[in-house]
Protein chains: 2
Amino acid sequence: MERVRASNRLLRYSSNKSLLDRRLNPSSQNSIHNSPSGYSHGFVNKCRDFHLYNGNHKWSVQTCFGFLRYRGETFRDSVERGCLEKAFRCRGFGSLAAKVERNPSFSTLNADDISYFKGVLGEKTVVQEEERLAIANTDWMHKYKGSSKLLLQPQSTEEVSQILKYCNSRCLAVVPQGGNTGLVGGSVPVFDEVIINMSLMNNIISFDQVSGILVCEAGCILENLITFLDNQGFIMPLDLGAKGSCQIGGNVSTNAGGLRLVRYGSLHGNVLGIEAVLADGNVINMLGTLRKDNTGYDLKHLFIGSEGSLGIVTKVSILTPPKLFSVNVAFLACQDYFSCQKLLVEAKRKLGEILSAFEFLDSQSLDLVLNHLDGVRNPLPPTMHNFYILIETTGSDETYDRQKLEAFLLYAMEAGLVSDGALAQDISQASSFWRIREGVPEALMKAGAVYKYDLSLPVEKMYDLVEEMRKRLSDSANVVGYGHLGDGNLHLNISAPQYDDRVSSLYL
Amino acid sequence: MERVRASNRLLRYSSNKSLLDRRLNPSSQNSIHNSPSGYSHGFVNKCRDFHLYNGNHKWSVQTCFGFLRYRGETFRDSVERGCLEKAFRCRGFGSLAAKVERNPSFSTLNADDISYFKGVLGEKTVVQEEERLAIANTDWMHKYKGSSKLLLQPQSTEEVSQILKYCNSRCLAVVPQGGNTGLVGGSVPVFDEVIINMSLMNNIISFDQVSGILVCEAGCILENLITFLDNQGFIMPLDLGAKGSCQIGGNVSTNAGGLRLVRYGSLHGNVLGIEAVLADGNVINMLGTLRKDNTGYDLKHLFIGSEGSLGIVTKVSILTPPKLFSVNVAFLACQDYFSCQKLLVEAKRKLGEILSAFEFLDSQSLDLVLNHLDGVRNPLPPTMHNFYILIETTGSDETYDRQKLEAFLLYAMEAGLVSDGALAQDISQASSFWRIREGVPEALMKAGAVYKYDLSLPVEKMYDLVEEMRKRLSDSANVVGYGHLGDGNLHLNISAPQYDDRVSSLYL
């Protein structure tokens, strides 16, 4: 099998309100924010453990001041010894490291600490109530649970800086938390870390109508940014199921991909600037707003996808494209995975500039959605197909774009790439097609326990992994594969009646 | 005036053959390559000076093992002292540092060194001939001239590694050189550095038709890659005037922008992987080929635009989009700069997905082209306008795309944004429109001495700088402004009969 690079950081679930509501403690009238917050971070304090997540297991890799320690060797040591490559490789494979234990050199919170924080932040944003802490200590999947006694809600970069400076001097472990929508437990404490919740830093700082450059604070909820931009005639180059809760700081820190990556590329291309606070409280201002900036090393990229291990992202500037009004969605069936690939190549060529999504799901995924979600139906006749593709186009002209898509679909049918298909006739139908694709994670949750993997693979090898897992698991679990075919990003999910180490032992 | 961030690294000149030929020593039958090579690099040896270029002046900033030294403080020192932000800022402004002097701690080449290199590389690729060295010691603008006695042409990463390891141990300064098309002297030695010329590492390693991912060696000439991809039905996301000579390794190391940035974004979004050799010879393999790769810190971004100061890029993997066959070009006139901006906003909105270039030039630029280049004519009636815009669209359908552009042009005329315009009727006309825009640097060269600046600025402030320079220089020089309006990238050029410090003293 190809070398598999697991990137378990993407946030994936439906934006369906009832589902999101499950995450809120219904008895809490004072929940942290409209939606609980948190992003997948393992932020370092002076000498805090940094967690790499490999599948459902947490592994510990020591860090120190943002330099990754691996088996007692820091990244900086490696550079000094000329072993940068080795350091790189080590970082990719946390599974070699030991299981995590609380580092006894960390301090434990005391009354003086609380007084200090209250002095800096005020009473209201220093949260010790058990109910609110219970929510913030638990990840969305309810798989990981920390035991933090303190949640802080800074309202400015200066406050984040003061918190970190103090925690650093006191050797108090911290964990940054955005929308807490991560699926790998990175946004919740492992032990008793102080939770730094970013949800109150939710201001839009500026928006430039000429360049389309948005500058905002890290705690802005993605959906709020999408709505704001929509009113300005622009769109976010990033969209994902968790948009109703996830925050832009967390998106950037986890290098979230999502549904628009195939069209607008990754955050490395779209994020123009970042402001971040280092573990010792120093504020790094890389908040540029230029489309191209070649002044010195472009260090902001280190923060994109570094999961908070180098610092807490406090502000972001991002290039947003103008909103295009002509959107068309088709739901297609393919007989085999090879046809899906071929269809992708042809779509990139024939729809090129208007292609905005190319998502796929296997028949097992579709079955789950149809069986577990109310009101979802298959837009195609009930003949069973092995794969389904959702194609979305976005352009500036309704007539031309639709004709282009229709011509493409006709070609795909005649070429035998597609065995059946439906073209949405209105927004409601388009939404119902999207509901199938976006509903898979929700259906999986309803079906029982789920082992989730989010992998980047060469497109041609992507589905081999699903088949391999099916072979290994046989009847013990239901293996489903879906995701962003256009980006080589597979969501491999193993669905079982309940969490059971015997299931994972069959394939790990 | 807005804080101006000068990024003097872009390679800009026409791909016109006669112009390129000027760079070749006509008497040399053994020139390094079909086209002299080099990219804007100030590569560090053990304790070599790293050069920042600010306009026409060279400034020295000490470096040590890839960590930038500024006023005796290394970047690493700054991190340790928690002054990362300060270190960032210092790096952007070389003009504060002292003028460069050869660091006496560097060794001087001796016969043993030559023997060593011949042992590693063979006789032919260890170049000591004066004529070839004279070419490699001189930049394209003939403004900077080094005195290197040795040019090496490695043919593999392993050879680059051996060279650097040896030079590091001997404390021999080096300068990497790609197509030597840089305009700021970064690709030529300052003193007697060993030139490491990358032109023989010019193999295409792989190309994946499904994903469009190209992997190649750093010495591949951009135009050769464009041609290769064209035959595969794909295009490079990067195109620039110097394509006939510049090399992909240099493009990546200088984070070249070019003509397609407005459509396909920067190299930070398109480069998926890099292999590089550090100053001590260690090879860093970051040559991933995944659209999204969240495994560890994405350190390749540090090499994009770092001008060789961290290492020599030896291989690159890059995401290439499918070739779209419908191309249309329009040449438009605007009365004022505000109309140009408004036109850009509307073009992004109304042409959106098919817009592939939005270039501008002022009337002074057009005059230069018309006066100095043979066979170039103004496609518009001779009424004088203040600004000219070249719009290119690229899409998948000839009919729809042309109709879309025509409708946009009609709108722009009716809205008073455009005072005149011409739509190319065939490829020949389209080329002639492009010739005007791409011919500006060549015309400037023919007009005499030229002080070149390549700046990223907020679009709305971009032309203020040109006007400010005109005010300061009055009749002493001809100030022209042109460039990539869509990206906020201005080429500010000051044209004078000859180089004269009295000219630059008027505006610096």
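The values are calculated or read from the model by the stated rules, or taken from the named source; none is laboratory data. Bear in mind the structure is a predicted one, so any value in this text is a computation, not a measurement. Virtual Cβ from ideal backbone geometry, glycine too; neighbours counted across all protein chains shown. Areas reflect the complete protein model, heavy atoms only, side chains present, ligands, DNA and RNA absent. Shrake-Rupley method; radii C 1.70, N 1.55, O 1.52, S 1.80 Å.
Residue under question is A:Thr289, and the condition is that it be surrounded by fewer than 20 Cβ atoms within 10 Å (Cβ to Cβ) and either assigned to a loop (DSSP other than H, G, I, E, B) or facing chain B (nearest Cβ under 9 Å) (or both); does it hold? Yes: the conditions hold for A:Thr289. Of everything in region B:349-379 that's over 21 Å from B:Asn478 (Cα atoms) and either among the small types (Gly, Ala, Ser) or not assigned by TED's automatic domain parsing to the domain that holds B:Ser396 (or both), which residue is nearest to the chain's Cα centre (by Cα)? Restricting to residues being over 21 Å from B:Asn478 (Cα atoms) and either among the small types (Gly, Ala, Ser) or not assigned by TED's automatic domain parsing to the domain that holds B:Ser396 (or both), the top hit is B:Ala357. In region A:363-377, the residues that are closer than 12 Å to A:Glu442 by Cβ form no Cβ pair under 6 Å with any partner that is open to solvent by 20 Å² or more (accessible area, probe 1.4 Å) and aromatic (Phe, Trp, Tyr), whether six or more places apart or across chains. Considering the conditions (1) open to solvent by less than 10 Å² (accessible area, probe 1.4 Å); (2) within 23 Å of B:Ala347 (Cα to Cα), A:Asn251 is excluded by exactly one of them, (2). For region B:298-309, the condition of being surrounded by fewer than 23 Cβ atoms within 10 Å (Cβ to Cβ), at the interface with another protein chain (Cβ under 7 Å from one of its Cβ atoms) and under 18 Å from the mean Cα position of the chain (by Cα) holds for at least one residue. For region B:217-238, the candidate set comprises residues that are of a type in the set (A, V, I, L, M, F, W, C) and assigned to a loop (DSSP other than H, G, I, E, B); within that set, the residue that is farthest from B:Gly273 (Cα to Cα) is B:Ile235. Quick check: is even one residue across region B:409-424 farther than 19 Å from B:Gly483 by Cα, out of contact with any Phe, Trp or Tyr (no Cβ under 8 Å at 6 or more places or on another chain), more than 14 Å from every other protein chain (Cβ to nearest Cβ) and of a type in the set (Val, Ile, Thr)? So far as region B:409-424 goes, no, none of its residues is farther than 19 Å from B:Gly483 by Cα, out of contact with any Phe, Trp or Tyr (no Cβ under 8 Å at 6 or more places or on another chain), more than 14 Å from every other protein chain (Cβ to nearest Cβ) and of a type in the set (Val, Ile, Thr). Can you find even one residue in region B:423-439 that is farther than 30 Å from B:Glu398 by Cβ, assigned by TED's automatic domain parsing to the domain that holds B:Gln335 and of a type in the set (Gly, Ala, Ser)? Checking region B:423-439: not a single residue is farther than 30 Å from B:Glu398 by Cβ, assigned by TED's automatic domain parsing to the domain that holds B:Gln335 and of a type in the set (Gly, Ala, Ser).
Look at region A:341-378 and say how many of its residues are in contact with a Ser or Thr (Cβ under 9 Å, 6 or more places away or on another chain), away from chain B (no Cβ under 14 Å) and open to solvent by 30 Å² or more (accessible area, probe 1.4 Å). Number of matching residues: 3.
Scanning region B:327-340 for residues that are of a type in the set (S, T, N, Q) and either more than 13 Å from chain A (Cβ to nearest Cβ) or in a strand (DSSP E or B) (or both) gives B:Asn328, B:Gln335. Going by the structure shown, is A:Thr295 within 14 Å of chain B (Cβ to nearest Cβ) and surrounded by 23 or more Cβ atoms within 10 Å (Cβ to Cβ)? Criteria not met by A:Thr295. Return the residues of region A:214-233 that are closer than 18 Å to A:Met286 by Cα and not charged (D, E, K, R); say none if nothing qualifies. Matches in region A:214-233: A:Leu214, A:Val215, A:Cys216, A:Ala218, A:Gly219.
The one condition from (1) modelled with pLDDT of 95 or more; (2) closer than 30 Å to B:Leu455 by Cβ; (3) surrounded by fewer than 22 Cβ atoms within 10 Å (Cβ to Cβ) that B:Gln177 does not meet is (3). For region B:314-326, a tally of residues being within 14 Å of another protein chain (Cβ to nearest Cβ) and open to solvent by less than 10 Å² (accessible area, probe 1.4 Å) returns 5. Screening region B:244-271 for residues that are assigned to a loop (DSSP other than H, G, I, E, B) and farther than 17 Å from A:His268 by Cβ and picking the one that is farthest from the other protein chains (Cβ to nearest Cβ) gives B:Ser245. Here is the figure for region A:140-161: residues that are open to solvent by less than 20 Å² (accessible area, probe 1.4 Å) and closer than 26 Å to A:Glu275 by Cα total 8. For region B:316-343, residues that are over 30 Å from B:Cys216 (Cα atoms) and within 26 Å of the chain's Cα centre (by Cα) total 7. When A:Val479, A:Val459 are screened for being more than 23 Å from A:Leu343 (Cα to Cα) and among the aliphatic types (A, V, I, L, M), only A:Val479 passes. Across region B:272-285, the qualifying residues are those that are more than 7 Å from chain A (Cβ to nearest Cβ) and not in a loop (DSSP other than H, G, I, E, B), and the one among them that is surrounded by the most Cβ atoms within 10 Å (Cβ to Cβ) is B:Ala276. Against the list (1) open to solvent by less than 10 Å² (accessible area, probe 1.4 Å); (2) touching a strand residue (DSSP E or B) at 6+ places or on another chain (Cβ under 6 Å); (3) assigned to a loop (DSSP other than H, G, I, E, B); (4) of a type outside the set (S, T, N, Q), the condition A:Leu214 fails is (3). Evaluated against (1) open to solvent by 20 Å² or more (accessible area, probe 1.4 Å); (2) modelled with pLDDT under 95; (3) farther than 30 Å from A:Asn168 by Cβ, A:Asp239 falls short on exactly one condition, (1).
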